[in-house]
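S.K.: Dropping the structure in here first, questions after.
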Amino acid sequence: MTSIPAYRRPAPDVAASIGDTPLVALDRLFPPDRFRVHAKMEGLNPGGSVKDRTARSIIEHALATGDLVPGFSTVVESTSGNLGIALAQLCNLHGLGLVCVTDARATRQNVAVMRAYGARVECVERDSASGEYLPARIARVRHLLATLPGAYWPDQYANELGALAHHTTMREICEALPLPPDHLFLAAGTTGTLRGCAEYVRDHGLPTRITAVDAVGSVIFGPTEPWERHHRRAVPGHGAALAPPLLRPGLADRVVKVTDFESVEGCRALLARESVLAGGSSGAVVTALRRSADLLEPGASVAVILPDRGERYLDTVYRDSWVQATFGRLPSVDGDNAPPRS
Ligand code: PMP
């Protein structure tokens, strides 16, 4: 009798169906004559993003330790949307309350999805001192933790379980390819994906070199350059306004910073060439790889992680009027971004 691979067996519930996402070749966008690119489609998780792994890891651990009690506890978290949706799905599944603290950059659709799962969504204004949203969101979370009975904070920027969840991401990439990839390109926010994948590479002695993709204006890998300071980030997901406590020195071999407009360009190219409708940080990863193409050795195998789906960005990244109003121009539809003509 042949054994059925894990990903083909029925999952006992939706949480158990998280992970084992497909790995897809991007041969149209990156012709394989120079190097071969495969994309890990994290948007195909049941909650629609890479953060499903993070949420499952944190919630299941807290349920097991008794820090979360179904019917009593309320999870409180600051989230730009994807972790909120992932938590909302799992909290609904496990009978837990959820308050998501977010800001004006969260799309209407994300907020609607969180609410559909039963979450309470609170939107904060920018912090008056820094002009950033994140400090204001964290302050609101701390207030709720102090006042709401049974409140529990996953603390995504510092929770080691968020990084541990991504050992599986790298393991799955390696299992799907004949050899571990020479390069991995991924977007950094909390740096959970980066740390989890980097730890897996280190623990298994893999040759994979990791390029972390950050947003211009983000402080993850050190203070912003003077020219970056006026850059107000408009695309949520990757980048951060505070240095994430999860980050450790040396996790990334290279860091590439991408503007929001370049993220949009990357998204549009991915859609035009590959018919992959992905989120803003996926576009950033694509742009970072295009910019790095000359540095890659001939015949290299490259894996990229595409963190979420584009449906969540229809009112922003994929709406010309928003792109024009935000950046004062539109990505070129000719040349590199045009679909191949036969
Ligand atoms: N891209 C998207 C769309 C995300 O939601 C996130 C998480 N905020 C990231 C990238 C970054 O992932 P991580 O938090 O693991 O660094």
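S.K.: Is there a residue being surrounded by fewer than 23 Cβ atoms within 10 Å (Cβ to Cβ), closer than 29 Å to Phe35 by Cβ and free of Cβ contacts under 8 Å to residues at least 12 places away in the same chain anywhere in the stretch 125-137?
M.R.: Scanning the stretch 125-137 turns up no residue that is surrounded by fewer than 23 Cβ atoms within 10 Å (Cβ to Cβ), closer than 29 Å to Phe35 by Cβ and free of Cβ contacts under 8 Å to residues at least 12 places away in the same chain.
S.K.: Anything in the stretch 19-48 that is among the hydrophobic types (A, V, I, L, M, F, W, C) and under 19 Å from Ser281 (Cβ atoms)? List them, or say none.
M.R.: The answer is Leu23, Val24, Leu26, Leu29, Phe30, Val37, Ala39, Met41, Leu44.
S.K.: Might you check whether a residue that is over 17 Å from the mean Cα position of the chain (by Cα), over 20 Å from Leu134 (Cα atoms) and not hydroxyl-bearing (Ser, Thr, Tyr) occurs anywhere in the stretch 210-225?
M.R.: No, the stretch 210-225 contains no residue that is over 17 Å from the mean Cα position of the chain (by Cα), over 20 Å from Leu134 (Cα atoms) and not hydroxyl-bearing (Ser, Thr, Tyr).
S.K.: Which residue pairs have Cβ atoms under 7 Å apart, sit 6 or more places apart or on different chains, and have a first residue in the stretch 187-202 that is within 11 Å of the ligand (Cβ to nearest atom) and a second that is of a type in the set (D, E, K, R)?
M.R.: Every condition considered, the pairs that remain are Ala188/Asp214; Arg195/Arg248.
S.K.: Another question, then. State whether the residues of the stretch 228-247 include one that is away from the ligand (no atom under 15 Å from the Cβ) and farther than 20 Å from Pro135 by Cα.
M.R.: Checking the stretch 228-247: not a single residue is away from the ligand (no atom under 15 Å from the Cβ) and farther than 20 Å from Pro135 by Cα.
S.K.: Can you say whether Ser332 is outside any helix (DSSP H, G or I) and among the polar types (S, T, N, Q), as far as the supplied structure shows?
M.R.: In short, yes.
S.K.: Could you give me the residue pairs with C-beta distances under 7 Å whose first residue belongs to the stretch 211-223 and is under 21 Å from Ala303 (Cβ atoms), whose second residue is of a type in the set (Asp, Glu) and assigned to a loop (DSSP other than H, G, I, E, B) wherever it lies, and which are 6+ apart or on separate chains?
M.R.: Partner pairs satisfying both residue conditions: Thr211/Asp253.
S.K.: Still on this structure: So which of Leu184, Leu164 is closer than 29 Å to Thr259 by Cβ, buried (at least 17 other Cβ atoms within 10 Å of the Cβ) and within 21 Å of the chain's Cα centre (by Cα)?
M.R.: Result: Leu184 is the single residue among Leu184, Leu164 that is closer than 29 Å to Thr259 by Cβ, buried (at least 17 other Cβ atoms within 10 Å of the Cβ) and within 21 Å of the chain's Cα centre (by Cα).
S.K.: Further, regarding this structure: So how many residues does the stretch 149-189 have that are closer than 21 Å to Gly279 by Cα, at pLDDT 95 or above and polar (S, T, N, Q)?
M.R.: Qualifying residue count for the region: 1.
S.K.: Can you go through Val285, Val264, Val255, Val219 and tell me which one is assigned to a helix (DSSP H, G or I), away from the ligand (no atom under 12 Å from the Cβ) and either within 30 Å of Leu179 (Cβ to Cβ) or not charged (D, E, K, R) (or both)?
M.R.: That would be Val264, the only listed residue that is assigned to a helix (DSSP H, G or I), away from the ligand (no atom under 12 Å from the Cβ) and either within 30 Å of Leu179 (Cβ to Cβ) or not charged (D, E, K, R) (or both).
S.K.: Which condition breaks for Asp214 when tested against (1) more than 9 Å from the ligand (Cβ to nearest atom); (2) in contact with a His (Cβ under 8 Å, 6 or more places away or on another chain); (3) assigned to a helix (DSSP H, G or I)?
M.R.: For Asp214, the exception is condition (3).
The values are calculated or read from the model by the stated rules, or taken from the named source; none is laboratory data. Keep in mind the model is a prediction, meaning the values are calculated, not measured. For neighbour counting, all protein chains shown are included, and Cβ atoms are generated from backbone atoms with ideal geometry for every residue, glycine included.
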